[in-house]
Structures are given as structure tokens and as C-alpha cells.
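A.B. asks: Please read through the structure below; I'll follow up with questions.
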Amino acid sequence: MSTPLLKVENVTKSFPIHGGLFSREVASVKAVQGISFEIKKGETLGLVGESGCGKSTLGRCLIRLHDVTSGNIFYNGKDITHIKGEELREMRRKMQIIFQDPFASLNPRMTIGSILEEPLIIHNLFESAKDRQDRISQLIDLVGLRREHLNRYPHEFSGGQRQRVGIARALAVNPELIVCDEPVSALDVSIQAQVINLLMELQQKLGLTYIFIAHDLKVVEHVSNRVAVMYLGKIVEMAEAEELYRNPKHPYTKALLSAIPVPDPRGKEERIILTGDVPSPINPPSGCHFNPRCPIAIDDCKTIVPPLEEKAKDHVAACIRV
């Protein structure tokens, strides 16, 4: 077996909540709880789940924008969980992120050319200004924009064009792994398809590996090799994309898939309506986190923490009822 590009072992991330007269830690938000998985080079892993389930926090932990509370992250077999300084800066060249909101993630006071040149300067990739300009021209061509756009500012572009700039910036340092943090959710539906197709073309051309975070299950099915479903900070099911969509095991996954709109709803199975709201990550339910909303929960679900175990070949789920 070849070494996975990224290996995550029991990663947990909590954010402290401070209060009282001396601003002491009074509680914590358990954003990510005990996550483990592997990604092979050239693969796309889709991360899906409701808003607030910890998808984006996990993505930021993987590229060390957040320090993990516990657990380990391995990149090409090397433990990068606690690296710092120059070593971390070198690692950042290999792992980049495309943010959800292209307007908020681009500096409004910088031209597009300056935005793309900045990572080249930070990482000392090209000594001469001419070499940097050649690389910038190559990047702008790669994402389907024109070279005259380089002298413009972010507010002069549409949302789709701004996201193309965000993609070009992520590609500037020749990364191997890119975390796509809901890269199309802020875009019009007609533009979403163009950006998704661009990402897939770039993956084929450059041999990229993606972690694709989204709440749109149809988009994730289209782009992913494997899909992991998250609920309240935990992975509750993971399998090959085709297998997960054809044969979901976990009741939460079934509920999500039942909500996907289809052109002709007459032949569709009845939608599963979940009762109640997502519990607070500050005080998650005991046992299985999903038990208060689960249509098939029994009393044991309130006390037993279900392990993520294999239910079919290469198909794992965390449910004692499956």
C-alpha cells in the first residue's frame, strides 16, 4: 500500500468560551470530535453536513490554520500536527485553501496582479519580477480570465470571476492538496457549474488532491471519489460516492439524501423529515449525538457512543441500529 497523501488520526478541535469577572474558561465548543480518515494522491474527498457541523473547522485544522486540540495529522507520512516557523511555511506551499466568499477573501485595496504575486514573494518562488509576471500570466490563463484583468480590483468582477481569482491564488505556489471550503455556495447556480468544471479540469491537468466541503449533496456527488458525512463534529458515515448515494446506511445520511430535489418527484421515495434542531456543540447529547432527532433511535442510543465501523465493503457508519 502506498503512503496516503493525508492521514488524519483522532483529530479533535475545541474552542474555549470565556466568562465571569476574570474571563475564565467556563465551557468549550466541541467543533470537531475524534475524526480519522485517509486521502490518496489525486483523490477528492467530499465533506457534507448541515451548517455548523464542523466541516470548515476540520478543513482549516488540516492545513494548520487552526491548531488541533488533540490528535495527529500526517502529510506524506510526516507528522505536521505541531510543526512551526519555517517548517510550517514550507508545508503551506503544498496545502492551500479556496474560501467560500471570494469577495471577503480578496484584499479590496490590491489589484488582481498584486494578489497573485503576493504568495510568490512570500515563498520566494521567483527571483526576478519578470519571472513572477510570467507565472501570474500563466495562472490567469489557467483559470479562464484575461490578462487585462490583472490591473483591476476585486470589486470590478462578478462573484464567479472573483472565485476564479481565488483559485488562481491557491494554485500560485504549486500545491498538491487544496481544501475547497464551499467554493460555489456563494455563486449563482449557472456559475456554479462553470467553477466546478474548472476545478475538475485543473485536478486532471495538475494532479491535484481535493477536500471538497459543501452542503449541496448533488455537487459533492458529481466531484467526489469518496464522501464523508458529518454531524455535530463527528463523521457518521463514509464510503465511495456511488455506494453512499445508492446505499446509505446511517439514518442521518438517508434524511439528507431524501431532501435532494429531483426533476420528477413522483417517482422519488418519501422525504424523511427530521424533528427538532441541531443540538448545541457546547453541550452535545449523550450517547449517539443524533439520537434526539433519529427516527429509529432506541433507549440504548442515549447511552452507547456508536463506533465508526464497517457495514459493507469500504463503507463505514456510526450507528448501532444498522
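A.B. asks: Is at least one residue of segment 273-293 modelled with pLDDT under 90, at positive phi and in contact with a Lys or Arg (Cβ under 8 Å, 6 or more places away or on another chain)?
C.D. replies: Yes; the residues of segment 273-293 include at least one that is modelled with pLDDT under 90, at positive phi and in contact with a Lys or Arg (Cβ under 8 Å, 6 or more places away or on another chain).
A.B. asks: To continue, here is another question. Identify the residue in segment 1-19 that is farther than 14 Å from Gly233 by Cβ and of a type in the set (Gly, Ala, Ser) and, among all such residues, is modelled with the lowest pLDDT.
C.D. replies: Result: Ser2.
A.B. asks: Looking at (1) under 30 Å from Gly85 (Cα atoms); (2) surrounded by 12 or more Cβ atoms within 10 Å (Cβ to Cβ); (3) out of contact with any Gly (no Cβ under 7 Å at 6 or more places or on another chain); (4) among the hydrophobic types (A, V, I, L, M, F, W, C), find the lone condition where Phe157 falls short.
C.D. replies: (1)
A.B. asks: Every residue in segment 92-121 that is closer than 25 Å to Lys55 by Cα, crowded, with 16+ Cβ neighbours inside 10 Å and aliphatic (A, V, I, L, M), please.
C.D. replies: Of everything in segment 92-121, those that are closer than 25 Å to Lys55 by Cα, crowded, with 16+ Cβ neighbours inside 10 Å and aliphatic (A, V, I, L, M) turn out to be Met95, Ile97, Ile98, Leu106.
A.B. asks: Go through segment 294-309 and report how many residues are acidic (Asp, Glu) and either farther than 23 Å from Arg246 by Cα or modelled with pLDDT of 95 or more (or both). If you could, list the steps in order and put the result at the bottom.
C.D. replies: Keep residues of segment 294-309 that are acidic (Asp, Glu), which gives 299-300, 309.
Now narrow it down to the ones that are either farther than 23 Å from Arg246 by Cα or modelled with pLDDT of 95 or more (or both): 299-300.
Of the residues in segment 294-309, 2 are acidic (Asp, Glu) and either farther than 23 Å from Arg246 by Cα or modelled with pLDDT of 95 or more (or both).
A.B. asks: A further question follows. Is it fair to say Ala170 is touching a residue at least 12 places away in the same chain (Cβ under 8 Å) and more than 24 Å from Gln33 (Cα to Cα)?
C.D. replies: yes
The values are calculated or read from the model by the stated rules, or taken from the named source; none is laboratory data. As the structure is a prediction and not an experimental result, all values here were calculated from the model. Cβ atoms come from the backbone with ideal geometry, glycine included; neighbour counts cover every protein chain shown.
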